[in-house]
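**Q** Have a look at this one before I ask anything.
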Amino acid sequence: MTEATAAPDIFTLEVFTPWIGKEFSILHPDVPPDFKLRLTGAYDPSKGASHPRFRKPLTLQFRGPADPLLLEGFYEVEAEGTGVLGFHIIPTLTPDREENGMGYHVAFN
């Protein structure tokens, strides 16, 4: 028997920080092709306090158009240079939605 090799964890702060500012397309038949989410932030919500044996949590913050609203759910997304990724996207209460677009977040625990 051979020992299985774990796939590298691409859902890390180090991977996503350089992508801040990128626009992600939503690859879903019910979402207009011109609908984009712009990555506005990436952070470790544990502030470094996660257990060393487990992956570090990661939260991604996005902004999209004020309308239409993207419903919560699992979507395949893609940006230039990222390949297709699967995210469970959650709309976020966004008081400045009309001025700055709707907020969304994705959490990896």
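**Q** Spelling out what I want: for every residue of the stretch 40-46, take phi, set θ = phi - 60°, compute 6.51 cos²θ - 1.76 cosθ + 1.60 (Karplus), and round to whole Hz; glycine and proline get x.
**A** 10, x, 8, 8, 8, x, 7
**Q** Still on this structure: Considering only DSSP states other than H, G, I, E and B, which trypsin sites (Lys or Arg not before Pro) in the stretch 36-109 qualify as loop sites with at most 15 other Cβ atoms within 10 Å?
**A** When the trypsin sites (Lys or Arg not before Pro) of the stretch 36-109 are filtered for loop state and at most 15 Cβ neighbours within 10 Å, Lys47, Arg53, Arg55 remain.
**Q** Can you sort Thr40, Thr17 from fewest to most other Cβ atoms within 10 Å of each residue's own Cβ?
**A** Numbers: Thr40 16, Thr17 12.
Going from sparsest to densest Cβ surroundings: Thr17, Thr40.
**Q** Pairs of Cα atoms under 8 Å, at least six residues apart: use those to get the relative contact order of the stretch 13-108, whole percent.
**A** Details: 184 pairs, mean separation 25.1, N = 96.
Relative contact order comes out at 26 percent.
**Q** Let me ask something else about it. Within 10 Å of each candidate Cβ there may be at most 12 other Cβ atoms; applying that plus a DSSP loop requirement, which chymotrypsin sites (Phe, Trp or Tyr not before Pro) in the stretch 29-109 survive?
**A** Phe54
**Q** Volume per residue, Å³, of the convex hull around the alpha-carbon atoms of the chain?
**A** For the chain, the hull spanned by Cα atoms encloses 134 Å³ per residue.
**Q** Would you mind counting up the charge near Val84? Only other residues with Cβ under 9 Å from its Cβ, with Lys and Arg at +1 and Asp and Glu at -1. Write down the numbers at each step before the final one.
**A** Working: positive: none; negative: Glu76, Glu78.
That works out to -2.
We did not get these values from a lab; they are worked out from the coordinates using the rules stated. Worth saying up front: this structure is predicted, and the values here are computed from it rather than measured. Here Cβ is always computed from backbone atoms with ideal geometry, including for glycine, and neighbour counts include all displayed protein chains.
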